[in-house]
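Below: one structure, written as structure tokens.
The values are calculated or read from the model by the stated rules, or taken from the named source; none is laboratory data. Just so it is clear, the model here is predicted, and its values are computed rather than measured. Using ideal geometry, Cβ is built from the backbone for each residue, glycine included, and neighbour counts are taken over all protein chains shown. The protein model used for the area step is the full one, side chains on, heavy atoms only, and it has no ligands, DNA or RNA in it. Shrake-Rupley method; radii C 1.70, N 1.55, O 1.52, S 1.80 Å.
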Amino acid sequence: NRRSMVHVDDLCSLALLAAESDRAAGQCYIAADAHPISTRALYEGLLRTMGRRVPGWAVPPAVLRMAGRMGDVASGLLNRPLPIGSETVSRLLDSACYSGQKAMDELGWQPGHNLISSLPEMVDAWRKGG
């Protein structure tokens with residue numbers, strides 16, 4: 001799958017650029033890193049950044065989808081939501097990929113960060129509790 005991400009600094013820079021531009025009036029822009037990333041690559045990047053070993057195995061998507069369907073059935077039988085279901089598995093496995101090209105073309109905006117190089121900063125902030 002592919003996921004679009006954006007660094008908070010890049011989001012802020014686009015918001016400021018759009019607020020200052022007459023051309024942006026009435027327009028809608030998407031802020032996204034130019035390079036989408038897979039959930040697996042994000043997971044592996046986080047593990048490496050945290051100094052942990054990347055496992056040499058993965059759970060096949062079909063097994064995760066089956067677990068989601070089983071969670072749906074169990075949730076119905078127990079009459080309460082469970083932490084795993086088809087919707088949760090879909091959010092994990094399906095793509096959510098968007099393009100910031102319109103902002104780049106119309107406003108000259110360029111994201112200055114990418115997810116992988118920003119992981120140490122993110123992990124550090126998480127470890128500090130903010």
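Values computed for the structure shown
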item: Region 53-92, residues that are part of a loop (DSSP other than H, G, I, E, B), hydrophobic (A, V, I, L, M, F, W, C) and over 25 Å from residue 123 (Cα atoms); result: 82, 84
item: Members of region 96-116 that are within 20 Å of residue 39 (Cβ to Cβ), open to solvent by 80 Å² or more (accessible area, probe 1.4 Å) and not hydrophobic (A, V, I, L, M, F, W, C); result: 98
item: Residues (closer than 10 Å to residue 103 by Cβ and either among the polar types (S, T, N, Q) or not in a loop (DSSP other than H, G, I, E, B) (or both)) located in region 22-31; result: 24, 27
item: Boolean, residue 50 is touching a Leu at 6+ places or on another chain (Cβ under 6 Å) and either of a type in the set (Phe, Trp, Tyr) or closer than 30 Å to residue 121 by Cβ (or both); result: no
item: One residue from 90, 75, 117, 38 being hydroxyl-bearing (Ser, Thr, Tyr) and under 19 Å from residue 9 (Cα atoms); result: 117
item: Selection count, region 33-47, where residues are modelled with pLDDT of 95 or more and over 19 Å from residue 59 (Cα atoms); result: 0
item: Members of region 1-54 found to be of a type in the set (Ser, Thr, Tyr), out of contact with any Pro (no Cβ under 9 Å at 6 or more places or on another chain) and touching a residue at least 24 places away in the same chain (Cβ under 8 Å), listed by number; result: 21, 29, 38, 39
item: Candidate set from region 71-95 (those that are among the hydrophobic types (A, V, I, L, M, F, W, C) and under 20 Å from the mean Cα position of the chain (by Cα)); member that is farthest from residue 35 (Cα to Cα); result: 84
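Let's see how each residue does on (1) under 16 Å from residue 118 (Cα atoms); (2) exposed (fewer than 13 other Cβ atoms within 10 Å of the Cβ); (3) basic (Lys, Arg); (4) modelled with pLDDT under 95:
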{"position": "58", "(1), (2), (3), (4)": "no, yes, no, yes"}
{"position": "65", "(1), (2), (3), (4)": "no, no, yes, no"}
{"position": "75", "(1), (2), (3), (4)": "no, no, no, no"}
{"position": "81", "(1), (2), (3), (4)": "no, yes, no, yes"}
